[in-house]
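Take a look at the structure below.
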Amino acid sequence: FSKMSTPLLVGTYGEKLGHVDGKGKGVYAVRFDRETLSLVPFTPTAGLTTPQLGGASGLVNPTWLTSCGDGKVLYICDERGDGPGNLAAVSVDAATGALALLNSIPADDRAGGAACCHASVTPGGAHVVASNYCAGSVVAVARRADGSLDAPSAQYVHLPPASHPVSFPGPNAARQEASHAHMAYCSAGTHGTTILVPDLGCDVVWSIPYDAESAKPLGEPVATASPPELRGGGPRHLVRHPTEPLVYVGYELTSVLAAYPIDKRTGAIAGDEPLCALNVLDGDAGGFMGGSGEDADLSSVAAYQTTVRKYARLLQGSAAAATAAWHGGEH
């Protein structure tokens with residue numbers, strides 16, 4: 001193989017759901033040849049479209065894959081609409097791309113469709129945390145020495161917590177009829193770690209304290225990043241600035257991108273008010289992912305409409321349902 005090739009493991013949807021008509025058969029191991037800019041088989045004898053771990057008894061919708069850092073073990077979300085689905089631990093043969101299921105746990109502790117959609121390995125590698133979009137929950141489970149999941153240790157946290165009740169539906173009745181946790185992001189501070197969970201349905205980012213030494217590593221969720229000016233936005237994704245104590249949150253239903261300060265000690269979002277916010281579609285919030293945006297106060301975004309040059313050299317936000325993007329920073 002060319003030294004210019006990069007191994008890729010590709011997850012897929014394998015069934016028809018409300019938002020996708022999946023045709024995949026599992027996980028595909030391929031390589032990206034950077035000289036020819038094409039996908040090639042993982043090994044000379046492997047097929048380019050040979051699926052692994054799929055089928056009726058396997059992972060039906062392995063849509064999110066993350067590694068423990070050394071690439072020897074993957075954690076895969078099996079996103080199911082007809083049951084809790086699974087969070088699976090899978091070993092990876094670096095030479096052949098062969099995948100082997102170590103074990104799995106239910107992504108949620110209830111019977112309904114959970115739609116497990118995102119997973120992360122905590123700093124230090126003690127746990128895997130995952131979010132369930134339809135169930136509105138988060139799970140944390142300890143990792144064993146071989147990378148498999150310690151099922152008895154699993155802790156499930158249902159959102160919203162009793163300490164912070166939320167009235168449903170939200171401003172966007174079609175999309176904010178229940179909690180929809182779309183991410184479990186590990187945000188490290190100098191004295192602790194917080195799991196940040198954008199919740200489209202509850203209109204908040206939950207900051208959940210994390211304690212690697214506790215039998216119940218997830219603490220009480222705290223509602224953050226929910227200013228009244230951005231009500232109805234539906235936070236869905238976020239990312240930390242690589243060097244500054246900042247986090248950027250994407251609001252799906254109004255296509256707003258907002259920056260918030262991070263508590264340096266805990267990694268939690270420090271309050272509700274953004275440092276700045278702007279609409280990546282230049283104020284057009286209509287028709288995105290089933291959300292009209294009619295109830296969102298987009299006029300208030302103008303009060304935050306300032307560039308983020310001060311905080312990042314380049315930041316890009318995009319709307320998947322529109323051919324528009326915003327670039328901020330020096331050019």
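The values are calculated or read from the model by the stated rules, or taken from the named source; none is laboratory data. This is a predicted model, so every value here is computed, not measured. Positions of Cβ are backbone-derived with ideal geometry, glycine not excepted, and every protein chain shown enters the neighbour counts. For accessibility, only protein heavy atoms count, side chains too; no ligands or nucleic acids. Shrake-Rupley method; radii C 1.70, N 1.55, O 1.52, S 1.80 Å.
Only strands (runs of 3 or more DSSP E) whose full extent lies in region 89-150 are considered here, and the ones with at least 1 residues that are open to solvent by less than 40 Å² (accessible area, probe 1.4 Å) and under 29 Å from Ala46 (Cβ atoms) are 99-106, 116-121, 127-132.
The numbered conditions (1) more than 22 Å from Thr193 (Cα to Cα); (2) more than 17 Å from the chain's Cα centre (by Cα) are all true for Ala114 except (2). When restricted to residues that are among the polar types (S, T, N, Q) and open to solvent by less than 40 Å² (accessible area, probe 1.4 Å), region 39-51 contains 1.
Annotation for region 23-31: at least one member residue is among the small types (Gly, Ala, Ser) and in contact (Cβ under 8 Å) with a residue 40 or more places away in the chain.
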